[in-house]
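*Asks:* The structure is given below, and queries will be raised subsequently.
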Amino acid sequence: QVQLVESGGGLVQAGGSLRLSCSASGLIFSTYSVAWFRQAPGKERDFVAALSRSSSTWYADSVEGRFTISRDNTKNTVYLQMNNLKSEDTAVYYCASDRGIITRSAANYDYWGQGTQVTVSS
């Protein structure tokens, strides 16, 4: 049974940093595509960043240069380092994974975590 568990969310002031973690059981991240999505109240779930099996990365334009996705194979954990946070980054952040190629579409990911809240105060 696959389980993804996010952690690291919280309240931070604008300009600050947070690092989200996503740990997995039942799958090995190095053999799966992994992505982060976020969903603000009343809005759709949006793509944030993705990491392929070969370690290629994609980012949404809104976070390019501020967020970094990475993977620690020894811990089977994926991270999202978020710097220079802005109020518009406030959302629930979800980790997602799939056997297929990386994609920006949430519909293409089979496995999801429960989400972690990130709140950026201005």
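The values are calculated or read from the model by the stated rules, or taken from the named source; none is laboratory data. Remember, predicted model here, so these are calculated numbers, not experimental data. Using ideal geometry, Cβ is built from the backbone for each residue, glycine included, and neighbour counts are taken over all protein chains shown. Only protein heavy atoms, including side chains, enter the accessible area calculation; ligands, DNA and RNA are left aside. Shrake-Rupley method; radii C 1.70, N 1.55, O 1.52, S 1.80 Å.
*Asks:* Restricting to Cα pairs below 8 Å that are 6+ residues apart, what does the relative contact order work out to for region 3-122? Please round to a whole percent.
*Replies:* Worked out over region 3-122, it gives 37 percent.
*Asks:* What number, in percent, do you get for the relative contact order of region 11-64 if the mean sequence gap of Cα pairs under 8 Å and at least 6 apart is divided by its residue count?
*Replies:* 23 percent
*Asks:* Still on this structure, please answer the following. Between GLY65, GLY26, GLY42, where does the largest GNM mean-square fluctuation fall for the chain, given springs only between Cα atoms within less than 10 Å?
*Replies:* Of GLY65, GLY26, GLY42, the Gaussian network model singles out GLY42 as fluctuating most.
*Asks:* Note down the magnitude of the dipole of region 35-122 about its Cα centre, charges +1 on Lys and Arg C-beta and -1 on Asp and Glu C-beta and zero elsewhere, to the nearest 20 debye.
*Replies:* Roughly 180 debye, rounded to the nearest 20.
*Asks:* Using a 1.4 Å probe, what is the accessible area per residue for the chain, in Å²?
*Replies:* Computed with neighbouring chains in place, this is 50 Å² per residue.
*Asks:* Can you tell which of GLY113, ASN76, VAL12 lies farthest toward the positive end of the dipole of the chain, using +1 and -1 charges on the Cβ of basic and acidic side chains (Lys, Arg; Asp, Glu)?
*Replies:* Toward the positive end, the furthest listed residue is ASN76.
*Asks:* Here is a follow-up. Go ahead and collect, in residue order, the members of region 30-45 whose backbone nitrogen is under 15 Å from a label point 7 Å along the Cα-Cβ direction of ASP72.
*Replies:* Correct set: 30.
*Asks:* Quick one: with all protein chains in place, what share of the accessible area of region 1-102 is carbon or sulfur, to the nearest percent (1.4 Å probe)?
*Replies:* 45 percent
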